[in-house]
Amino acid sequence: MKKFSIISIIGFFLMACSNNKDCCVNIDTAISIKYVNMIGENLFELDSGLNESDITIYHRINNEWVKYFEGNLDYPKGIRTVERGDGKYLVVFPSATLVENNYSETKIAFSGTDSDIIKTEIDKSNFNEIVTKVWYNGELKWGGSQSERIFEVIK
């Protein structure tokens, strides 16, 4: 009887701990951008083109641009480059701080005078954090009906 009681108590605790419905958050925010020049050359593949180390990301927080750097993450600058079948892409992890309604803003600074703004609509419900729309410098580039957040920008 003692063994049965101990096994029952252990079983009860295991069942109670395994039903935690609030355990997980689905985060899906990455945006892939292929930067090309006017003749279609990938700017990350040119000697005088773009370089990930020269790009700085800023998040709009409390109506101010704050430089992004999280040293504890795999991508502390909030970006990385990735090789795809048709060339190199810049992957941007946009701000999850909402500026207004369900929107966030991220600035990509290429130099002291050249920067672009990404505005994202973010669904933050049901333990989700998912980008559903992307605007690049005010132009809608991706809507939630497509499978991957991937687009091309001419610089």
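Structure above, values below:
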item	result
Checklist (1) in contact (Cβ under 8 Å) with a residue 60 or more places away in the chain; (2) touching a Pro at 6+ places or on another chain (Cβ under 8 Å); (3) surrounded by fewer than 17 Cβ atoms within 10 Å (Cβ to Cβ) applied to Glu70, failing item	(1)
Test result for Lys133, under 14 Å from the mean Cα position of the chain (by Cα), closer than 21 Å to Ile61 by Cβ and open to solvent by 60 Å² or more (accessible area, probe 1.4 Å)	yes
Pair list, Cβ < 6 Å and 6+ apart or interchain, from segment 129-142 residues that are in contact (Cβ under 8 Å) with a residue 24 or more places away in the chain to residues that are of a type in the set (Phe, Trp, Tyr) and crowded, with 16+ Cβ neighbours inside 10 Å	Val134/Trp142; Trp142/Phe151
Residue among Glu152, Glu148, Glu121 that is surrounded by fewer than 13 Cβ atoms within 10 Å (Cβ to Cβ) and charged (D, E, K, R)	Glu148
Hits in segment 88-115 (condition: in a strand (DSSP E or B) and crowded, with 17+ Cβ neighbours inside 10 Å)	Lys88, Tyr89, Leu90, Val91, Val92, Ser104, Glu105, Thr106, Lys107, Ile108
Lone unmet requirement of (1) more than 19 Å from Gly143 (Cβ to Cβ); (2) assigned to a strand (DSSP E or B); (3) open to solvent by less than 40 Å² (accessible area, probe 1.4 Å) for Tyr58	(3)
Residue list for segment 116-146, restricted to those being among the polar types (S, T, N, Q), over 27 Å from Asn37 (Cβ atoms) and assigned to a loop (DSSP other than H, G, I, E, B)	Ser125, Asn126, Ser145
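Table: residues versus (1) closer than 28 Å to Asn26 by Cβ; (2) at pLDDT 95 or above; (3) touching a Gly at 6+ places or on another chain (Cβ under 9 Å); (4) charged (D, E, K, R).
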{"site": "Glu45", "(1), (2), (3), (4)": "no, yes, yes, yes"}
{"site": "Leu98", "(1), (2), (3), (4)": "yes, no, no, no"}
{"site": "Thr113", "(1), (2), (3), (4)": "no, no, no, no"}
{"site": "Thr120", "(1), (2), (3), (4)": "yes, yes, no, no"}
{"site": "Ile130", "(1), (2), (3), (4)": "yes, no, yes, no"}
{"site": "Gly143", "(1), (2), (3), (4)": "yes, no, no, no"}
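The values are calculated or read from the model by the stated rules, or taken from the named source; none is laboratory data. Remember, it's a predicted structure, so these values are computed and weren't measured experimentally. Here Cβ is always computed from backbone atoms with ideal geometry, including for glycine, and neighbour counts include all displayed protein chains. Areas reflect the complete protein model, heavy atoms only, side chains present, ligands, DNA and RNA absent. Shrake-Rupley method; radii C 1.70, N 1.55, O 1.52, S 1.80 Å.
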